[in-house]
Amino acid sequence: MQYTPYNVYNYETLKYNRKSRSDDPLLSVEEVIENHDRILEEYAREHLGGPIPEENSYKEVGSSETLDSRPEILRLLKAIESPAIKAVLVVEVQRLSRGDLEDAGRLIKIFRYTNTLIITPTKTYDLRDDYDRDAFERELKRGNEYLEYFKTIQRRGKLSSVKRGNYVGSVAPYGFTRVKVKDGKKDCFILEEKKDEADVVRMIFNWYCNENIGVTAICRRLESMNIKTKTGGSKWKPSIIFAMLENVHYVGCVRWNWRKTVKIIEDQEVKNLRPKAKVDEYLIFEGKHDGIVSQELFDRAKEIRGTRHRTKTDTTLKNPFSGIMYCKCGAKIGYNTYVRNGVEYAPPKLVCNDQVHCKTGSADFHEVMEYVCSALEDCIADFEVRINNRQDDSTKLHEDLIANLKQKIKDLEAQELSQWEAQSHPDPAQRMPTHIFQKLNEKLLAEKEEIKQALCKAYESIPKPIDYKEKVLKFTDALEALKNTEISASTKNQYLKDILERIDYEREPIVRISKQNAEQYSTTASKGLKYHMEPYKITIKIKP
């Protein structure tokens, strides 16, 4: 039986498979993975002592570029942290990643410091070796260069297809289905009317243009009629209706670059946004499909929308919790003011932006502000106690772990020395049989190697010491800003974002007291209150 020069066995190996853009487009994901599985299993039988166990097999069905957007590769990278895993078997290096240099560096670091081999049918890479590490890096870079070239060619081909009236989106707009047709020798897609949805589209345009009904009222009407959204949901949002009212597909056209992916840097991380294009940033072509509404009705909707925009005289941020506070339903918590004829008739409240569906009760803004300020004061007091006690739990626990592992290595080394001394006794009768000594020694060496690897990982994952003095300063600045009425909500918001991950809010719906429920809420009614309100719950998560 043949084995790799590194003496790696099938049960110590993970198998990774993923369909790539470079694969034959006529083959399905399942067919590509099946073909590659066959290649990898043949290699495993010939060189690794048998097939790879099913629990060691990882199959990726997506074509995402980055590591973080591929769940299977993330599971695999977590698995190789175990000393029991010695290698990863893959058809070619580029299957692991065709991402940017950041992803390449991350892979190299993980494989190198976990001492994990990358085995391909043509070459085995040991990243502890400088030559192998350089070759592995060059393969990853080559994959990234090909990916960028392929995306350029793909964009060029898609634009050419759109110009001919084809639809290149992966999901058809509401009111249509995608139909595959021949465009020369190639298979392309065009749109075809979906009768039941198309009737809803016509109804929406008619309500908006001819019956003077606003988009929010249209949403409520659709929900009352139990009409589902494109994704099968029961909730309609104004943004969905607005998008439909300006969608040129409904008049028989196709568009290009309407939602182009734009990369931005936020909080020192690259994020992808898909903003709506400006007028001069996207292209419109005549489509091969028939429209659902007339051009006149479409233009009328555009004209009405231009006149119905509510102009805000003051767009200054008023909610210091903007982008931080979230309702239990997942929607953001908004800030509502109550002004009539220039006079405030009720204090500002914090309200779920999707309250019409989730029914979460609102809360008095100033009351929540006092609660958050009190929570920050408690945090500052806790930090000061930790400073006085010189306490850093995470660092202390890690230091104890390292000290414990070091002691274990010393104990094993002493045990190893003792075994050799006993085996070197002048009287052969005092020595243990050679085969027993070898087994004991091999077991001890394996245990020592395992602990050494654990020690290396412990050193690599030492948590960054928490500077509680700096935290006290940051939290104190934020607290003073929140209490200062002359500081803008925007500035307060920045202070909070600097110290908090998020604030989760939940509250049962507020109930109006009536004759029908007065007995149920007798305690509230006896106080002469018109509404019964359960206490709200706020959970604050601070940044590490």
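Among the residues making up the range 500-517, a single one is closer than 17 Å to Cys358 by Cβ, crowded, with 18+ Cβ neighbours inside 10 Å, within 23 Å of the chain's Cα centre (by Cα) and not hydroxyl-bearing (Ser, Thr, Tyr): Ile503. Could you list all residues from the range 313-355 that are over 23 Å from the mean Cα position of the chain (by Cα), over 20 Å from Tyr495 (Cβ atoms), in a loop (DSSP other than H, G, I, E, B) and among the polar types (S, T, N, Q)? Thr313, Thr315, Asn341 - these are the residues of the range 313-355 that are over 23 Å from the mean Cα position of the chain (by Cα), over 20 Å from Tyr495 (Cβ atoms), in a loop (DSSP other than H, G, I, E, B) and among the polar types (S, T, N, Q). Exactly one residue out of Lys497, Lys530 is surrounded by fewer than 14 Cβ atoms within 10 Å (Cβ to Cβ), out of contact with any Leu (no Cβ under 9 Å at 6 or more places or on another chain) and either of a type in the set (Lys, Arg) or in contact (Cβ under 8 Å) with a residue 24 or more places away in the chain (or both), and it is Lys530. Checking each residue in the range 440-453 for being aliphatic (A, V, I, L, M) and surrounded by 14 or more Cβ atoms within 10 Å (Cβ to Cβ) picks out Leu440, Leu444, Ile451.
Would you check if there is a residue in the range 79-86 being exposed (fewer than 13 other Cβ atoms within 10 Å of the Cβ), in the same structural domain as Thr116 (by TED's automatic domain parsing), at pLDDT 85 or above and assigned to a helix (DSSP H, G or I)? No - not one qualifying residue is present in the range 79-86. Taking the range 341-372 as the search range and keeping residues that are surrounded by 14 or more Cβ atoms within 10 Å (Cβ to Cβ) and charged (D, E, K, R), which one is nearest to Tyr326 (Cα to Cα)? Filtering first and then ranking leaves Asp354. Just wondering, is there one or more residues in the range 454-471 that are more than 30 Å from Lys410 (Cβ to Cβ), in contact with a helix residue (DSSP H, G or I) (Cβ under 8 Å, 6 or more places away or on another chain), touching a residue at least 24 places away in the same chain (Cβ under 8 Å) and crowded, with 17+ Cβ neighbours inside 10 Å? So far as the range 454-471 goes, yes, one or more of its residues are more than 30 Å from Lys410 (Cβ to Cβ), in contact with a helix residue (DSSP H, G or I) (Cβ under 8 Å, 6 or more places away or on another chain), touching a residue at least 24 places away in the same chain (Cβ under 8 Å) and crowded, with 17+ Cβ neighbours inside 10 Å.
Selection over the range 65-78 of residues that are under 14 Å from the mean Cα position of the chain (by Cα) and either within 17 Å of Leu117 (Cβ to Cβ) or modelled with pLDDT under 85 (or both) gives a count of 6. For the structure I just gave you, tell me whether Leu48 is assigned by TED's automatic domain parsing to the domain that holds Asn144 and within 27 Å of Leu455 (Cβ to Cβ). It is false that Leu48 is assigned by TED's automatic domain parsing to the domain that holds Asn144 and within 27 Å of Leu455 (Cβ to Cβ).
Within the range 409-426, how many residues are loosely packed, with under 12 Cβ neighbours inside 10 Å and either over 46 Å from the mean Cα position of the chain (by Cα) or in a loop (DSSP other than H, G, I, E, B) (or both)?
Within the range 409-426, the first condition is being loosely packed, with under 12 Cβ neighbours inside 10 Å, and the residues that meet it are 410, 414, 417-418, 420-421, 424-426.
Within this subset, residues satisfying the condition of being either over 46 Å from the mean Cα position of the chain (by Cα) or in a loop (DSSP other than H, G, I, E, B) (or both) are 414, 417-418, 420-421, 424-426.
Count: 8.
The values are calculated or read from the model by the stated rules, or taken from the named source; none is laboratory data. Note that the structure is a prediction, hence the values are computed from the model and not measured. When we count neighbours, we look across all protein chains shown, and the Cβ atoms used for this are built from the backbone with ideal geometry, even at glycine.
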